[in-house]
Amino acid sequence: MTPGNYIRKRREAAGLTVDELALRLETIPAVSAMTRAQWLTMMETDVAPISISAINAIVSFISLDETVLDALALIRAGVALSSPQICIECGCSEHDPCCDEDGKPTCWWISEELCSCCVPLAGQAIAQ
Ligand SMILES: [Zn+2]
Ligand SMILES: [Zn+2]
């Protein structure tokens, strides 16, 4: 998984489209929401670099694990690190699990790269 891909998964898990997230973000200098949406898309496709200020802006609206993001960025840069465990569907990770309305973690690992929230039938089968 690339850093951009990870951000896209977490945005989708937060239920936001690129446009919706772009509308919520404030940038300095101020640019139009359309420009922000283009910039988000470039980040999510790993075309534009992911800056710390971008992450700081985004984490107010979507939940991200910055440790995971750092590791993915290092791996992409060619550093020999083992990949952090990330759900391939929703992008949740150990320090950033899927949560219920009270913020309690609700998911666990079904397999190496799938969490229980992304396998509803498996989750139910175990819960019952
Ligand atoms: Zn998941
Ligand atoms: Zn999860």
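The values are calculated or read from the model by the stated rules, or taken from the named source; none is laboratory data. Every value quoted in this text rests on a predicted model; they were computed, and no experiment measured them. Every residue, glycine as well, gets a Cβ built from its backbone with ideal geometry; the counts of neighbours run over all protein chains shown. For accessibility, only protein heavy atoms count, side chains too; no ligands or nucleic acids. Shrake-Rupley method; radii C 1.70, N 1.55, O 1.52, S 1.80 Å.
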Count - residues of region 5-40 that are within 20 Å of CYS117 (Cβ to Cβ) and surrounded by 15 or more Cβ atoms within 10 Å (Cβ to Cβ): 11
Name the residue, out of SER82, SER53, SER60, that is in a helix (DSSP H, G or I) and exposed (fewer than 14 other Cβ atoms within 10 Å of the Cβ). SER53
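In region 41-50, what residues are open to solvent by 70 Å² or more (accessible area, probe 1.4 Å) and in contact with a helix residue (DSSP H, G or I) (Cβ under 6 Å, 6 or more places away or on another chain)?
Narrowing region 41-50 to residues open to solvent by 70 Å² or more (accessible area, probe 1.4 Å): 42, 45, 47, 49.
THR45, the sole residue that qualifies.
Just need a number here: residues in region 1-28 that are farther than 17 Å from CYS98 by Cβ and outside any helix (DSSP H, G or I).
The first filter runs over region 1-28 and keeps only residues farther than 17 Å from CYS98 by Cβ, leaving 2-5, 17-28.
Filter once more, so that each one left must be outside any helix (DSSP H, G or I): 2, 17, 25-28.
Within region 1-28, residues that are farther than 17 Å from CYS98 by Cβ and outside any helix (DSSP H, G or I) number 6.
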